[in-house]
Amino acid sequence: MSIEWTGSGPELLLRVDRNRPEPLREQLESALRESIRAGRLAAGERLPSSRALARDLGVSRGLVTECYAQLQAEGYLVTRGGSATRVAAAARPPVDAPSPPATLAGPTALVGPVALAGPTALAETVGPVGIDFRPGVPDLSSFPRERWSRALRRACRDVPSDLLGYGDPYGDPMLRDVLAAYLRRVRGAAADAAHTVVCAGYAQGLQLVLRALAGEGVRVVAVEDPGDPDHRAAAAMAGLDIVAVPVDEHGVDTGALAATGARAVLLTPAHQSPTGVVLAPGRRQALIAWAVARDATIVEDDYDAEFRYDREPVGALQGLAPDRVALLGSVSKSLAPALRLGWILCPPRLSADVARQKRLADRGSPVLDQFALADLLRSGHYDRHLRHMRTRYAARRAALVDALGRYAPEVEVRGLAAGFHAVAQLPPGTDERAVVEAARRRSVALYGIGGYLLDPPERRTSPARLVLGFGNLTPDAISDGIAAVADLLRGG
Ligand SMILES: Cc1ncc(COP(=O)(O)O)c(C=O)c1O
């Protein structure tokens, strides 16, 4: 039964420490998250009003309101129509919830093996590129070469000789400790080094998790539509059938997901790839409830979550249900794709098998690189680099919005809350493919949403859209590229 509080909050909420380096808001958010996860705050329980809690803690009411809003966005809290803030029902699912066997979707719902040609295929086949709006590429010129080479040199100097053999397939224990602490702090994840596996980026992490799930008897995995074609191909490579679930303005359609009968889903909750939608709080809760009821697993792709502009990043879904969610992240967006380093926070039941898959795949990620990453994280350089990049991407994002407003006001831009790509919806009647091809003749590489959709082109009814990556383009290049696209749209 949930407790109705009056007046002040419980003891655990009152512990914010002004002598600690973390900002008070971060402390309060973490304390609340931990209390909910640990069950000290039960589902349905009413929280004190922001005014009462602020008074008790001696902080501003705005700080408490912001903290509540953040945890609401993450699915830990709910507020309905001006009533009190409460702990969300799905915030801490019972660990051993009953799991009725899922019925598999009929063969008509399944999509067979998927062709490997992704959204990049067109750009790779024609002419030179001057301005490339390829999504997913960070600012490669900002890679912290000096820091990385120093960290590598140190790693090479300090690594004990016995660590130069075949390493722990889970990854270097020190890096796993540092990563788990980082993911708890920055992503609100329920991270435990014992269930963290270091891998070669998201791409490998996905393969390892899918193989482990296949080993558990999963046969069908649901994917977002639109979604990344390479990730669909990865599911096919792991021998799984895929079933598409539509994405709307609130994120993945959880009703449609439940109707598929799939027992695993690949998701990009923090910034849907490619639409850029941030998964709505109600959907987060519905997803967890679905996973618990179906004994299903959510594979959370946390690819660009650190970059959020209008407010702090939404915490990882994994924090709500570590038994049900595998959280996959990588340094491909934060540092550079070429490093091929990533991590998996595994549901505890899967971690041994994921590590076994990692051992079979390549016997472990390179130890010196793992040391170097641990060094960057521990020294605070990683955080500093992220802060620096956030400012840089914010300027590029502003340049994109500005250029679209100036040259192509008829184009609607969406998905800008996080990351470094956005979606531009073209005026009705525009032929997406023709725009992409014409732009290419002007040395501008564009990527239509078509490459991300599962439906064959002749069955599509959705409007023409471009997925515009702006991470690796200077503000001037963005402006020039958009001016060229606008000219094309006007028939120039
Ligand atoms: C949706 C999505 N997830 C994850 C990644 C990162 O993949 P990796 O870590 O294998 O480089 C990308 C890279 O572009 C991506 O677009």
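The values are calculated or read from the model by the stated rules, or taken from the named source; none is laboratory data. Everything quoted here is computed from the prediction, not taken from an experiment. All Cβ positions, even for glycine, are placed from backbone atoms using ideal geometry, and neighbour counts span all protein chains on display. With ligands, DNA and RNA removed, areas are computed over all heavy atoms of the protein, side chains included. Shrake-Rupley method; radii C 1.70, N 1.55, O 1.52, S 1.80 Å.
Computed 3J(HN,Hα) for region 25-41, one whole-Hz value per residue from the Karplus formula 6.51 cos²θ - 1.76 cosθ + 1.60 where θ = phi - 60°, is 5, 4, 4, 5, 4, 5, 4, 5, 4, 4, 5, 5, 4, 7, x, 5, 10, glycine and proline marked x. Surface exposure of the chain, expressed per residue as accessible area with a 1.4 Å probe, stands at 42 Å². For region 195-324, the normalised intensity computed at q = 0.17, 0.23 Å⁻¹ comes to -0.87, -1.69 (log10 of I(q)/I(0), Debye sum over alpha carbons, equal scatterers, no solvent). Taking every C-alpha pair closer than 8 Å and separated by at least 6 residues, the mean separation divided by the residue count of the chain gives a relative contact order of 20 percent. For region 140-235, dividing the convex hull volume of the Cα atoms by the residue count gives 170 Å³ per residue. For region 250-260, the Karplus equation 6.51 cos²θ - 1.76 cosθ + 1.60, evaluated at θ = phi - 60°, returns couplings of 9, x, 5, 7, 6, x, 5, 4, 4, 6, 6 Hz by residue, with Gly and Pro reported as x. The orientation-averaged shadow of the Cα convex hull for region 373-492, equal to a quarter of the hull surface, comes to 9.0 nm².
Near ASP132, the amide H atoms lying under 5 Å from its own belong to ALA445; only residues 5 or more places off or on other chains count, and H is placed 1.01 Å from N. Rg and Dmax of region 11-87, both derived from C-alpha coordinates alone, stand at 11.7, 37 Å.
Working note: Cα atoms of region 172-220, range along each principal axis, descending, whole Å: 34, 20, 18.
Could you please state how large a percent of the accessible area of the chain is carbon and sulfur, counting protein chains only and using a 1.4 Å probe?
Exposed carbon and sulfur together represent 53 percent of the surface.
What is the calculated FRET efficiency for ARG406 to GLN72, with r their C-beta to C-beta distance and R₀ = 41 Å, to the nearest 0.05? Mind showing how you got there, number by number?
Details: r = 36 Å, r/R0 = 0.87.
With a Förster radius of 41 Å, E is 0.70.
Given their separation in residues at 0.36 nm each and the Cα-Cα distance between them, ASP230 and ALA89 gain 47.3 nm when the chain is fully extended.
Considered as an equivalent ellipsoid built on the Cα gyration tensor, region 258-367 has semi-axes of 24, 21, 11 Å, the largest given first.
With Cα atoms as the point set, the radius of gyration and Dmax of region 383-426 evaluate to 11.9, 38 Å. Placing dummy labels 7 Å off each Cα toward the beta-carbon, the span from ARG384 to ARG145 is 1.9 nm. Working note: Debye formula, equal point scatterers on the alpha-carbon atoms of the chain, no solvent; log10 I(q)/I(0) at q = 0.07, 0.08, 0.11, 0.13 Å⁻¹ is -0.38, -0.51, -0.97, -1.33. Tell me, what is the percent relative contact order of region 11-87, built from C-alpha pairs under 8 Å that lie six or more residues apart? Value for region 11-87: 31 percent.
With the helix formula -39500 (n - 2.57) applied to DSSP H stretches of n ≥ 4, the chain reaches a computed 222 nm mean residue ellipticity of -12500 deg cm²/dmol. Using a Förster distance of 51 Å, how high is the FRET efficiency between ALA256 and SER161, based on the Cβ-Cβ distance and rounded to 0.05? The formula returns an efficiency of 0.40 here.
Between amide H atoms placed 1.01 Å from N, distances below 5 Å from VAL277 occur with GLN272, all of them 5 or more places distant or on a separate chain.
Here the Karplus relation 6.51 cos²θ - 1.76 cosθ + 1.60, evaluated at θ = phi - 60°, turns the backbone of region 63-70 into coupling constants of 4, 5, 4, 4, 5, 4, 4, 4 Hz, with x for every Gly and Pro.
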